[in-house]
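Any read-out appearing in this document is the output of simple, stated calculations on the displayed coordinates, not a laboratory observation. Just so it is clear, the model here is predicted, and its values are computed rather than measured. Cβ sites come from the backbone with ideal geometry, for glycine too, and all protein chains shown count toward neighbours.
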Amino acid sequence: MNSRRWLLITLLSIAALVGVNLLLSYELDVYGIMRDPRGRKLATSSFYLPMTDDRVFKYMLNQRYVPSNFDGVLIGSSSSGNWDTDLIHGFHIYNESLVGGSASEEKILVDQLPQTAHFRIAICALSPFIVSKHDLKHGLGQLTRREAFGSLNSFGEETAKVLADLRHQQNTFFPNGSRVFPNEGTIKRDDHEELGTHYFDIDMQAMADYRSLIRTLQAHGAEIIYVAPPIYLPIHGDLTQFDRSLERIQTQLPPGPLINFTDPEYTAFNTDSSNFSDGLHVNSQGATKISKILNEKLHLLLGGSEFSP
Amino acid sequence: MLFNSFPYIFCFLPLVVVLTSLVRKIAGLKAGPRAAQAIVLLASLFFYTWWKPIHLPYLLGSILVNWFIARCIDASTGRRRKRLLQLGLVLNIGFLCVFKYVNFFLGSFPHLIPPRFLLPDFEFPLGISFFTITQIMYLVDCYESLLPASTLFDHATFVSFFPYVISGPIARAKRILHQTGDFGGKDGQRSEFLARGVYLFSIGLFKKVVIADAFAQVAAYGLNSAVDLSTVEAWVFSIAYTLQIYFDFSGYTDLAIASALMLGIEIPRNFDAPYRSKSIIEFWQRWHISLTNFITTYLYTPILRMFPRATLTAASIATILAMTVAGLWHGPSWTFVCYGLMHGIGLAFNQVWKKKKIWKLPAALSWFVTFSFVNIAFIIFHSRTLADAASRIGRLFPLHNIFGIANLTAMSERGIIFHFVALPLLIGVVVAFLGKSSEELSREFKPTLANSAAVVALTLIAWIFMNSTMGTPFVYFAF
């Protein structure tokens with residue numbers, strides 16, 4: 001074979017395979033950015049992809065899928081990651097919570113929303129963890145839409161999608177952004193849990209990012225509701241530091257009503273070990289219960305307002 | 001515009017290759033090569049400007065000044081010729097010092113600075129270390145009458161040639177200038193050069209975006225997230241960086257050489273499987289070869305000539321001095337100085353060992369000692385401070401926790417190693433220690449279907465990694 005022919009074959013083969021890959025990406029459109037995502041149900045079964053977990057997925061979904069299919073968002077870290085937003089009636093709320101997520105990371109997700117996105121409600125979880133640091137995990141700060149056109153993550157997602165369609169694999173994330181934690185257990189009353197010395201520290205950058213993301217959501221029309229996630233009292237019985245931290249965080253954010261799941265009225269829930277997988281995370285059963293309670297509280301809170309569902 | 005970026009691969013490079021080739025054909029035998037060269041010059045200036053337009057005047061100024069001095073050297077004799085060379089060297093070294101080293105030295109000796117004196121905040125022009133060395137070599141070669149002073153057009157094209165202007169390989173004028181007639185494709189060999197260029201480009205791209213960036217993930221984890229490293233982990237993370245820098249820089253070089261080949265120009269090789277070396281001398285004959293050549297010809301030899309006799313001691317001192325300067329050339333930091341000094345001492349020791357025929361080590365042991373030495377030197381190279389380097393080197397010795405793998409386990413749990421990245425790491429280890437160098441592969445290239453399939457596979461895998469969020473900038477761009 002001469003060099004000219006070799007070049008022709010090689011370059012045409014590359015072009016053809018890139019073309020096939022683009023067609024496949026368009027057809028599967030796992031991130032809902034190539035075709036109209038209205039009415040589609042996009043979820044992922046990939047938890048640990050090479051460089052990321054749920055971050056890439058939610059980053060991409062916020063560009064078209066979330067604003068097309070939802071009228072509310074739930075902002076938080078893993079403590080609200082498995083709350084089932086489908087149980088909140090009258091709204092279509094997308095759960096933006098990230099495992100180990102900070103306010104800075106949540107802000108990047110929210111920044112992906114198009115100018116035209118409109119929300120009725122934004123539920124913002126207030127935990128000390130979410131404002132304790134501002135580092136971006138797994139390359140979240142460098143993501144581009146190119147991920148959708150054939151990347152390690154998109155191939156992982158495409159494989160997961162095909163396997164899920166063939167019922168070989170169950171999704172770990174649901175179309176509303178909520179998730180199930182793999183191998184979650186139930187906490188024991190005598191379990192011990194260290195929060196670390198810096199757990200209650202407030203990172204100024206993370207705090208500023210949280211403020212900024214709330215203003216962005218308000219600009220998209222969302223009514224802001226704050227929520228303090230439940231805490232398993234037999235382990236973290238003394239809530240003084242949590243209360244103090246909550247107060248400090250709230251004073252630095254735009255005003256809004258607070259549903260505090262650490263209030264005494266939730267003591268029964270917060271002392272029932274069957275609701276928790278550890279001191280700060282509810283398990284599937286607890287997540288279902290807390291989502292229902294949140295539904296009731298929201299309706300009470302918004303019952304008389306224009307946001308009434 | 002990075003060599004591994006979409007604008008470079010899909011727009012800039014193909015456009016320049018097609019344009020030069022077309023212009024060469026259209027303009028005919030006589031004017032064709034010059035017209036193609038003009039396109040390359042414009043493309044090079046555009047490429048350089050793409051980074052930071054504000055840096056272009058520095059490059060143009062350096063080209064003009066050095067071209068003028070070379071003309072003057074060419075036209076003069078005797079002492080005036082020498083004075084002109086000295087002027088040229090002072091201007092070039094001064095230029096480099098102003099941007100790279102003034103703050104470093106003043107900052108290192110703060111007691112010498114008056115209390116209210118503010119250090120100038122110069123951002124050094126991109127590629128200054130590389131193109132200044134190129135200019136110095138050009139002036140010395142003109143002075144030594146190894147080549148005549150070239151025209152401004154040729155000189156500007158040679159210095160600003162986009163494949164090497166930012167990060168090398170450091171090209172010697174006499175290797176490039178005689179090829180200026182080949183821009184747009186060497187007559188009769190256009191397709192061969194282009195095919196070989198495409199082949200080498202796919203190898204370089206794969207080395208950079210797949211292998212080097214996979215090692216970068218591991219090395220970055222070791223540097224940024226790991227705590228209380230065990231001895232085993234300290235070796236794993238440091239070797240990951242040593243492999244990262246090799247694949248990063250040699251991948252970059254492959255992309256540079258391949259880009260030039262596609263335009264019909266052969267630029268010097270820079271790497272030849274350095275981690276297979278069995279001595280430090282051999283390592284420097286295989287690692288950053290163009291820099292080694294510069295150090296040998298333009299630093300070591302002049303220093304050695306300053307001694308009354310070329311004894312082994314004189315050679316050792318000259319080696320240490322030359323390598324220390326070469327270390328400092330990498331950047332304004334004491335860690336780079338130490339890196340150079342360490343290699344200088346290693347080379348001097350190696351020279352003495354060889355000359356005195358002290359003891360011939362078994363090949364495997366020679367390789368192990370050499371690689372360990374290189375690995376430790378790269379820890380210094382990579383560290384922010386000498387104290388940081390000392391602490392990281394200390395971890396390599398089995399003083400406390402030897403076999404702990406807590407950090408490696410944590411890294412695996414974060415999904416960094418599993419799935420797709422494990423294979424590139426494995427390929428990287430095999431290629432670095434057992435595989436052929438890109439230079440060998442490129443030399444042996446034949447337009448076969450197997451090679452075509454290899455190029456397609458490497459390019460597609462590279463494409464996938466380029467789309468993924470794991471890219472790191474070229475390590476040598478910092479210099």
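Rounded to the nearest 500, the helix-only mean residue ellipticity at 222 nm of chain B stands at -21500 deg cm²/dmol, with each DSSP H run of n ≥ 4 adding -39,500 (n - 2.57). Karplus-derived 3J(HN,Hα) values for region A:63-69, using 6.51 cos²θ - 1.76 cosθ + 1.60 with θ = phi - 60°, are 6, 9, 5, 5, x, 7, 10 Hz; glycine and proline are entered as x. Across the options B:ILE176, B:PHE162, B:THR231, the greatest Cα extent toward the positive end of the charge dipole of chain B (unit charges at beta carbon of Lys, Arg, Asp, Glu) belongs to B:ILE176. For region A:281-291, 3J(HN,Hα) computed residue by residue from phi via the Karplus equation (6.51, -1.76, 1.60; θ = phi - 60°) reads 10, 7, 8, 4, 5, x, 5, 4, 4, 5, 5 Hz, glycine and proline entered as x.
Could you tell me whether region B:193-478 comes out rounded, prolate or oblate from its Cα gyration tensor? Rule is a ≥ b ≥ c as square roots of the eigenvalues, rounded for a/c under 1.5, then prolate if a/b exceeds b/c, otherwise oblate. Judged from the Cα gyration tensor, region B:193-478 comes out oblate (a/c at least 1.5, b/c at or above a/b). A Förster radius of 51 Å combined with the Cβ-Cβ distance from A:ALA15 to B:ILE93 puts the calculated FRET efficiency at roughly 0.60. Working from label points 7 Å from Cα in the Cα-to-Cβ sense, the B:ALA310 to B:HIS178 distance is 2.4 nm. Taking a span of 30 Å or more along the helix axis (Cα atoms) and a mean Kyte-Doolittle hydropathy of at least 0.0 as the rule, the DSSP H helices of chain B that qualify are B:13-51, B:78-100, B:231-262, B:334-355. Taking other C-beta atoms within 10 angstrom as a stand-in for reagent exposure, B:PHE183, B:PHE283 fall in the order B:PHE283, B:PHE183, fewest first. Averaged over the residues of B:458-468, the number of partner chain Cβ atoms lying within 10 Å of the residue Cβ comes to 6. Once backbone amide H atoms are built at 1.01 Å from N, A:CYS124 has A:ILE75, A:ILE225, A:TYR226, A:VAL227 as its partners under 5 Å, excluding neighbours fewer than 5 places away on the same chain. Summing Cβ point charges (Lys, Arg +1; Asp, Glu -1) relative to the Cα centre of region B:260-365 gives a dipole of roughly 540 debye. The mean number of partner chain beta-carbon atoms within 10 angstrom of a residue's beta-carbon across peptide A:146-158 is 4. Long-range amide H contacts for A:ASN95: which residues qualify at under 5 Å (H placed 1.01 Å from N, peptide plane, sequence gap of 5 or more or a different chain)? Amide H neighbours of A:ASN95, under 5 Å, 5+ apart: A:LEU74, A:GLY177, A:SER178.
Within the set B:LYS25/B:LYS186; A:LYS107/A:LYS137; A:LYS41/A:LYS137; B:LYS52/B:LYS100; B:LYS30/B:LYS186; A:LYS188/A:LYS289, which residue pairs have Cα atoms separated by over 21 Å? Check vs 21 Å cut-off fails for A:LYS41/A:LYS137.
From largest to smallest, the equivalent ellipsoid semi-axes obtained for the protein assembly as shown from the alpha-carbon gyration tensor read 55, 32, 26 Å. Please order B:VAL236, B:VAL218 by the number of other Cβ within 10 Å, starting at the fewest. Listing B:VAL236, B:VAL218 from fewest to most nearby Cβ atoms yields B:VAL236, B:VAL218.
Remark: region B:193-478 carries a charge dipole of roughly 1000 debye about the Cα centre, counting +1 on each Lys and Arg Cβ and -1 on each Asp and Glu Cβ. Residues whose amide H comes within less than 5 Å of that of A:GLY101, counting only those at least five positions distant or on another chain, are A:SER78 (H built at 1.01 Å from N in the peptide plane). In terms of other Cβ atoms within 10 Å, A:GLU193, B:GLU266, B:GLU233 run from fewest to most in the order A:GLU193, B:GLU266, B:GLU233. Placing unit charges on the Cβ atoms only, positive for Lys and Arg and negative for Asp and Glu, gives region B:146-212 a dipole magnitude near 260 debye about its Cα centre.
Distance from the C-alpha centroid of region A:228-277 to that of region B:150-183: 68 Å, rounded to the whole angstrom.
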